[in-house]
Every structure is written in C-alpha cells, then in structure tokens.
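Participant: First the structure, which I've put down as structure tokens, then a few questions once you've had a look.
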Amino acid sequence: MKNILIVGGTSDISKEFIKSTYLDNNLYITYRDKKKFLEFTKDLNCEKNINNFFIDLSDLESIDNLNYSGFNNFDAVIFFAAIDIIKPFKLISNDDIKNSFNINIISSIILIRNLINYKLLNNLSSVVFLSSISGIKIGPSGHSLYSSTKAAINGLIMSLANENSKRGIRFNAIAPGLIQTKNLHDENTRIISNEDYDRYSMKYPLGLGKTNSVISLINFLISDESKWLTGQTIVLDGGFTIN
C-alpha cells in the first residue's frame with residue numbers, strides 16, 4: 001500500500017485515478033472546490049483511505065502555510081491541477097498570466113520544494129506531472145499561457161531528476177493529446193462547432209484519448225517497473241504529432 005499525494009482532486013482524470021486506486025492505497029488529496037470534492041467522494045467508502053486538504057494553488061502563500069505535519073512520507077506525488085485560459089495573446093490580462101503560472105507551474109515548484117525540505121518524499125518515490133503536447137510538440141492559437149506553463153514542466157522535471165537521483169526519486173511527465181473527458185468536451189463544443197470538433201478528432205490516427213490510457217501510464221510511472229525511467233516527458237497522443 002502506497003502513500004500517494006494527489007494535487008488537484010476534482011479534475012476528470014484525477015477523479016478516475018482516485019476511483020481506480022483508493023481501495024489499495026492511502027491517498028492525500030488537495031482540492032480547491034470543497035463542494036465538488038465532497039459530491040465526488042460521497043459515494044465512495046473511503047473514510048480510512050482518503051485524507052483531503054483544501055489548497056488554493058493560485059495563492060502561493062497558502063502552499064507554505066499547509067499543515068505538512070499532517071502528511072505521511074509519500075511514495076508518489078501526482079500533479080493533476082491546471083487551467084487553460086483560451087484567449088488571443090493580445091487579449092490576455094496580467095491576472096490571466098498570474099493565475100496560469102501560479103496554478104500550472106509555480107505552485108508545483110513550491111510544493112515540491114517544501115516536500116523535499118520537510119523530508120516527505122521517500123527514497124525511490126515517484127513524482128508525475130500532467131504536461132501536454134501543447135508547448136513541446138504543438139503551439140495552438142489561443143493557448144499561449146497554457147503552452148508556456150506546460151513547457152516549463154518539461155524543463156523542471158529534468159533538473160529535479162538530476163538533483164534527486166542519489167535518493168532514487170524519479171520525476172517524469174505525461175504529455176497527452178486531447179483526452180475525452182466531460183469538461184474538455186463541454187469546453188471544446190462551446191467554442192467550436194460539432195463539425196469542427198469531429199474534423200479535429202480525425203487528426204488522431206488512433207482516435208481521441210481515453211482517461212484509462214493516462215491512468216495506466218501513471219500507474220506504470222509510480223510503480224517499481226519504471227525505476228530506471230526519470231527526467232522524461234512521455235507523449236501520449238494516439239499518433240497526433242506524427243502527422
């Protein structure tokens with residue numbers, strides 16, 4: 001049984017991961033929307049296996065003020081939280097920049113630093129970030145902030161992998177293409193027509209992604225089977241970027 005810290009417990013992918021793993025592991029889950037989190041967990045028989053903590057990743061001071069003494073040492077840390085503010089570059093505001101970078105990358109840097117300083121990462125533990133093909137393989141219009149923050153993750157994990165290799169702590173990222181989740185589908189169909197959405201979907205040789213593909217790769221990366229893999233950003237896009 002592993003102690004796993006999940007950062008961002010109310011995204012569609014994180015909820016599917018929680019449902020697949022909470023019976024076999026001790027989960028420590030951060031969330032920002034308490035109502036949404038409680039609605040999700042009320043049907044799970046999870047009183048013993050799930051510990052939850054409120055944290056607003058846009059408020060960097062709250063990360064330093066987190067009760068780290070309430071944590072056990074972790075065997076795995078998984079970063080799910082992210083926002084994607086879709087705007088033409090000339091229309092983005094200072095608040096857009098601040099919120100995107102705080103939530104998508106700066107909060108992760110602060111949290112990892114604190115976990116290391118408080119000695120809360122076990123030897124041979126694994127840290128996994130959800131990155132994106134945006135920022136490393138493609139640069140879609142209107143996603144400049146999202147792409148920038150995801151590109152920053154890919155540089156971060158390489159340096160962290162080097163610095164923590166003596167303890168066998170591994171840092172890797174997954175860069176998915178478009179995953180079929182309810183929130184993403186609703187957002188995409190809000191801003192583009194069904195015809196454009198279907199046309200875009202056809203650019204994926206193996207079809208749009210499923211959440212179980214991401215979860216399977218996460219499980220591999222936090223397992224002993226991946227103990228020789230670190231500092232890597234793994235593209236998981238059904239062949240989209242080979243076109």
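The values are calculated or read from the model by the stated rules, or taken from the named source; none is laboratory data. Keep in mind the model is a prediction, meaning the values are calculated, not measured. Backbone-built Cβ (ideal geometry, glycine too); neighbour counts: all protein chains shown.
Participant: Do you know which residues across segment 18-64 are over 23 Å from residue 126 (Cα atoms), of a type in the set (A, V, I, L, M) and either outside any helix (DSSP H, G or I) or within 18 Å of the chain's Cα centre (by Cα) (or both)?
Facilitator: Answer for segment 18-64, where residues must be over 23 Å from residue 126 (Cα atoms), of a type in the set (A, V, I, L, M) and either outside any helix (DSSP H, G or I) or within 18 Å of the chain's Cα centre (by Cα) (or both): 44, 60.
Participant: Do you know which residues across segment 18-56 are touching a Cys at 6+ places or on another chain (Cβ under 7 Å) and either at pLDDT below 85 or under 18 Å from residue 83 (Cβ atoms) (or both)? It would help to see each step written out before you state the result.
Facilitator: Within segment 18-56, the first condition is being touching a Cys at 6+ places or on another chain (Cβ under 7 Å), and the residues that meet it are 22.
Listed by number, the list is empty, since nothing qualifies.
Participant: Only one of 33, 43, 12, 64 is closer than 21 Å to residue 118 by Cβ and among the acidic types (Asp, Glu). Can you tell me which?
Facilitator: Values: 33 fails: closer than 21 Å to residue 118 by Cβ; 43 fails: closer than 21 Å to residue 118 by Cβ; 12 fails: closer than 21 Å to residue 118 by Cβ.
None of the other options fit; the residue is 64.
Participant: Which of the following residues is part of a helix (DSSP H, G or I), at pLDDT 95 or above and of a type in the set (Lys, Arg): 98, 15? Spell out the reasoning first.
Facilitator: On the way: 15 fails: at pLDDT 95 or above.
Answer to the check: 98.
Participant: So in segment 201-222, with the set limited to residues that are in a loop (DSSP other than H, G, I, E, B) and in contact (Cβ under 8 Å) with a residue 40 or more places away in the chain, which one is surrounded by the most Cβ atoms within 10 Å (Cβ to Cβ)? So that I can check it myself, show each step before the final result.
Facilitator: Here is the first cut: in segment 201-222, the ones in a loop (DSSP other than H, G, I, E, B) are 202-208, 210, 222.
Applying the additional criterion that residues be in contact (Cβ under 8 Å) with a residue 40 or more places away in the chain yields 203, 222.
Details: 203: 15, 222: 23.
Per the criteria, the residue is 222.
Participant: Name the residues in segment 38-79 that are of a type in the set (Asp, Glu) and more than 14 Å from residue 19 (Cα to Cα), would you? Outline the logic, then answer.
Facilitator: In the first step, residues of segment 38-79 are kept if they are of a type in the set (Asp, Glu); the result is 39, 43, 47, 56, 59, 61, 64, 75.
56, 59, 61, 64, 75 - these are the residues of segment 38-79 that are of a type in the set (Asp, Glu) and more than 14 Å from residue 19 (Cα to Cα).
Participant: Give the number of residues within segment 69-107 that are surrounded by fewer than 16 Cβ atoms within 10 Å (Cβ to Cβ) and not hydrophobic (A, V, I, L, M, F, W, C).
Facilitator: Count: 12.
Participant: Among the residues of segment 157-180, how many are in a helix (DSSP H, G or I) and either among the small types (Gly, Ala, Ser) or crowded, with 19+ Cβ neighbours inside 10 Å (or both)?
Facilitator: Qualifying residue count for the region: 5.
Participant: Quickly run through segment 101-143 and pick out the residues that are in a loop (DSSP other than H, G, I, E, B) and in contact with a Ser or Thr (Cβ under 9 Å, 6 or more places away or on another chain).
Facilitator: 118, 131, 132, 133, 135, 136, 137, 139, 140, 143
Participant: Follow-up. Restrict the check to segment 226-241 and report whether at least one residue is among the charged types (D, E, K, R), more than 21 Å from the chain's Cα centre (by Cα) and either modelled with pLDDT under 95 or not in a helix (DSSP H, G or I) (or both). Show your work before the answer.
Facilitator: The first filter runs over segment 226-241 and keeps only residues among the charged types (D, E, K, R), leaving 227, 237.
Filter again for more than 21 Å from the chain's Cα centre (by Cα), leaving none.
Checking segment 226-241: not a single residue is among the charged types (D, E, K, R), more than 21 Å from the chain's Cα centre (by Cα) and either modelled with pLDDT under 95 or not in a helix (DSSP H, G or I) (or both).
Participant: Now, a different point. Cβ contacts < 9 Å: first residue buried (at least 17 other Cβ atoms within 10 Å of the Cβ), restricted to segment 136-148; second residue in a strand (DSSP E or B) and not polar (S, T, N, Q), any location; separation 6+ or different chain. Result?
Facilitator: From segment 136-148, the pairs are 136/175; 136/235; 147/138.
Participant: Within segment 1-12, restricting attention to residues that are among the polar types (S, T, N, Q) and in a loop (DSSP other than H, G, I, E, B), which residue is surrounded by the fewest Cβ atoms within 10 Å (Cβ to Cβ)? Step through it out loud before you land on a result.
Facilitator: Taking segment 1-12 and keeping what is among the polar types (S, T, N, Q), we get 3, 10-11.
Retained after the next criterion (residues that are in a loop (DSSP other than H, G, I, E, B)): 10-11.
Working: 10: 23, 11: 19.
Looking at residues that are among the polar types (S, T, N, Q) and in a loop (DSSP other than H, G, I, E, B), I get 11.
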